[in-house]
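This report concerns only the one structure given below.
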Protein chains: 2
Amino acid sequence: MRDVAIIGVGMNKWGELWEKSLRDIFVESALLAIEDGGVDHIDSMYVGCMSSGLFVGQEHLSSLLADYLGLNPIPCARVESACASGGLAVKMGFIDVASGMSDIVLVGGVEKMTDVSGDGATYALSTAADQEYEVYNGVTFPGLYALMARSHMHQYGTTREQLAQVAVKNHQHGSLNPLAQFPQKITIEDVTSSILVADPLRILDCSPITDGAACAILCPLDLAKKISKKPIVKIKGIGHATDTIALHSRKDFTTLNATVKAAERAYKMANVKPEDIDLAEVHDCFTIAEIIVIEDLGFVKKGEGGKATQSGMTALGGKIPVNTSGGLKSKGHPVGATGVAQVVEIVHQLRGEAGQRQVKNAKIGLTQNMGGSGGSTLVHIVERM
Amino acid sequence: MRDVAIIGVGMNKWGELWEKSLRDIFVESALLAIEDGGVDHIDSMYVGCMSSGLFVGQEHLSSLLADYLGLNPIPCARVESACASGGLAVKMGFIDVASGMSDIVLVGGVEKMTDVSGDGATYALSTAADQEYEVYNGVTFPGLYALMARSHMHQYGTTREQLAQVAVKNHQHGSLNPLAQFPQKITIEDVTSSILVADPLRILDCSPITDGAACAILCPLDLAKKISKKPIVKIKGIGHATDTIALHSRKDFTTLNATVKAAERAYKMANVKPEDIDLAEVHDCFTIAEIIVIEDLGFVKKGEGGKATQSGMTALGGKIPVNTSGGLKSKGHPVGATGVAQVVEIVHQLRGEAGQRQVKNAKIGLTQNMGGSGGSTLVHIVERM
């Protein structure tokens with residue numbers, strides 16, 4: 001397999017973009033990544049998108065987006081793994097380059113979520129859970145993650161304030177990100193007094209509904225060294241794993257097995273350990289998710305995620321800053337785009353381009369992107385050469 | 001890149017399977033392929049599906065299907081390119097094995113299309129076209145292919161009877177396939193007197209709505225030689241290309257540029273010519289599609305597809321039998337499964353297992369699978385070693 005580098009990244013300003021369509025925001029982000037990468041052509045494309053069928057009545061993004069970028073007849077594939085669709089696109093692009101099939105590959109993610117009315121977004125998102133056994137019985141995602149939160153609180157003494165601190169930290173980070181949807185700083189009191197969604201989770205424990213896209217350009221490391229004028233960032237490890245789709249089939253609600261397995265594989269492939277990671281972007285779709293994930297990635301011991309967050313360990317300036325971009329919570333969560341946007345943030349950080357939210361001397365970064373209630377997970381480890 | 005073989009194939013009996021769910025039919029097909037391949041584990045999975053979100057309210061098939069096969073935590077990806085989703089899954093599996101990332105890969109396709117009511121299936125299928133510029137103006141797929149048919153008739157003198165002959169031939173072939181949805185033989189008169197859908201296309205020019213799945217097991221050629229007890233079939237060439245999603249952006253309605261480009265790439269990679277192909281499975285979603293496609297694949301000159309069909313050249317016993325399985329027309333067209341089912345048929349033929357529809361001494365086969373009105377196309381060339 002060939003070594004693979006990321007030579008360009010780009011994303012649009014995320015938010016409720018009623019004046020733009022799915023194709024508009026994808027093309028905007030793709031052109032930013034192409035410009036950033038300084039490439040003059042693309043050999044192949046991968047687009048992560050969870051449910052453009054339900055959100056905007058459009059499948060076949062492979063044809064649509066290659067077309068609107070003026071890139072047909074190049075091969076283009078849409079890939080889907082619920083909220084991990086973006087991370088999956090990065091993996092597919094990696095394999096395409098590593099195998100030698102393609103040299104310069106555009107990987108992107110997109111979701112246009114605000115064009116549906118009523119409970120359309122909640123319904124579309126629920127299709128990431130087990131329709132026949134979970135959704136038909138009335139469960140939606142806040143409820144599923146609330147079950148995890150209650151389990152974690154019961155088993156490890158995680159507190160309401162520790163959950164809130166995840167949101168407070170990520171909004172603090174997001175306030176430094178000009179592309180974030182909700183850059184407002186919030187307090188613990190704001191979170192704990194916000195309206196209840198699914199006990200114990202309140203509205204400020206939940207990531208928002210967002211329109212957004214993010215893209216990256218991958219190529220062989222050798223080629224990157226020749227053509228790139230920026231610090232070279234290499235994809236050092238990839239882990240991809242699945243878990244049961246339904247929560248009721250799992251032995252333990254306080255751990256996410258797909259994250260554990262994907263991390264194991266990524267660490268092994270990259271030949272690094274959790275303590276070698278300088279910063280991470282993780283899937284904080286709900287505050288409890290970040291707490292469980294930083295444990296499952298091995299940054300802290302099982303059960304200590306809440307305490308670690310409260311201690312400032314995962315804040316900018318802490319031992320291992322997590323979600324410097326603002327995370328899903330503050331930056332926004334256009335589900336198919338999230339996994340690629342995580343890579344965009346890490347690349348900016350490793351290149352020293354993260355402005356006010358820069359992590360000093362960041363050399364190795366990790367992304368963790370998961371679908372549904374953790375039924376699928378992608379972990380990427382990237383390193384500045 | 002490593003050479004890649006297909007060592008197992010399987011598909012369920014297609015039809016209107018109201019008593020089975022999407023997960024049931026996929027698992028049924030996957031177990032048949034695993035048994036046929038004689039493998040004791042799977043390293044990675046790809047599932048092609050066009051729109052389980054719209055058809056059954058279920059995305060995140062990666063997690064669901066790995067789960068229901070008892071295969072988690074293995075990596076699994078759902079891929080989508082409208083009706084070319086199955087072909088795309090085969091390509092992704094090929095790259096995964098070729099790159100060295102995985103050894104034994106399950107590739108499958110599935111669609112459960114009969115659970116929607118009213119015009120639900122027509123709506124779901126329309127999402128493969130350009131929603132904003134085609135569908136909002138009232139065009140659906142029979143209309144788009146009718147435009148191609150009218151163009152081809154006008155430009156090349158293709159006749160109503162030649163279109164009908166595609167359906168007659170494919171139903172004749174399908175009558176020999178125990179897994180086909182509509183194995184009934186039909187006549188030219190049946191087709192030309194069936195109800196009009198979009199002039200000149202009548203209901204018997206159109207492929208049906210189907211529930212079905214199909215799967216195949218890929219592995220490195222070297223491994224196949226060690227473990228397989230059946231004739232070894234190698235993937236010799238892959239071509240994948242895109243075209244504009246909307247018909248109005250094309251210069252010519254009588255050719256499908258993604259098919260032309262994908263075929264060029266596949267022939268080049270396989271180092272073969274159209275005249276080397278012994279049989280083909282092509283995407284006859286409408287009768288006109290098969291006529292245009294056999295021209296674009298180079299089996300006949302542009303404009304002569306109708307005449308060639310009428311002459312028997314593409315029938316069993318002809319120079320190059322096309323759609324011996326019955327094609328989409330008679331076997332059925334569960335959109336995400338079709339591209340994999342094409343591979344299933346070719347593998348059975350190359351191994352000499354096709355029973356009454358066996359093509360004598362078949363050594364090299366080709367599959368052509370396209371999405372929407374040809375906005376994406378996958379071509380695979382496979383050879384018995």
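The values are calculated or read from the model by the stated rules, or taken from the named source; none is laboratory data. The structure presented is a predicted model; accordingly, all values stated were derived computationally and were not measured. Glycine gets a Cβ as well: all are built from the backbone with ideal geometry, and neighbour counts include every protein chain shown.
Things worth noting here:
- A count restricted to the range B:347-385 and to residues that are more than 14 Å from every other protein chain (Cβ to nearest Cβ), in contact with a His (Cβ under 8 Å, 6 or more places away or on another chain) and buried (at least 24 other Cβ atoms within 10 Å of the Cβ) stands at 3.
- Options A:129, A:124: the member that is within 14 Å of chain B (Cβ to nearest Cβ) and assigned to a loop (DSSP other than H, G, I, E, B): A:129
- Residue pairs whose Cβ atoms lie under 9 Å apart, separated by 6 or more positions or on different chains, with the first residue in the range B:99-121 and on the phi > 0 side of the Ramachandran plot and the second in a loop (DSSP other than H, G, I, E, B) and not aliphatic (A, V, I, L, M), are B:100/B:2.
Rundown of residues vs (1) part of a helix (DSSP H, G or I); (2) at pLDDT below 95; (3) touching a Lys or Arg at 6+ places or on another chain (Cβ under 9 Å), yes/no style:
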site	(1), (2), (3)
B:80	no, no, yes
B:86	yes, no, no
B:91	yes, no, no
B:94	yes, no, no
B:97	yes, no, yes
B:102	no, no, no
B:106	no, no, no
B:109	no, no, no
B:117	no, yes, no
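- Residues of the range A:258-313 that turn out to be touching a helix residue (DSSP H, G or I) at 6+ places or on another chain (Cβ under 7 Å), among the β-branched types (Val, Ile, Thr) and surrounded by fewer than 24 Cβ atoms within 10 Å (Cβ to Cβ), as a count: 2
- Per-region count, the range B:18-30, residues touching a helix residue (DSSP H, G or I) at 6+ places or on another chain (Cβ under 6 Å) and within 9 Å of another protein chain (Cβ to nearest Cβ): 1
- Residues in the range B:132-143 that are hydroxyl-bearing (Ser, Thr, Tyr) and not in a loop (DSSP other than H, G, I, E, B): B:136 alone.
- Scanning the range A:62-78 for residues that are touching a residue at least 40 places away in the same chain (Cβ under 8 Å), of a type outside the set (Ser, Thr, Tyr) and assigned to a helix (DSSP H, G or I) yields A:64, A:65.
- Test: residue in the range B:31-42 that is within 14 Å of chain A (Cβ to nearest Cβ), assigned to a helix (DSSP H, G or I), buried (at least 24 other Cβ atoms within 10 Å of the Cβ) and at pLDDT 95 or above: no
- Listed by position, the helices (runs of 4 or more DSSP H) inside the range A:226-345 whose residues that are within 14 Å of another protein chain (Cβ to nearest Cβ) and of a type in the set (D, E, K, R) number at least 3 are A:257-270.
- Selected residue (only one of A:245, A:235, A:217 is closer than 19 Å to residue A:82 by Cα and crowded, with 22+ Cβ neighbours inside 10 Å): A:245
- Test result for residue B:81, more than 7 Å from chain A (Cβ to nearest Cβ), more than 21 Å from residue A:266 (Cα to Cα), among the polar types (S, T, N, Q) and crowded, with 24+ Cβ neighbours inside 10 Å: no
- Test: residue A:51 is of a type in the set (S, T, N, Q) and crowded, with 20+ Cβ neighbours inside 10 Å: yes
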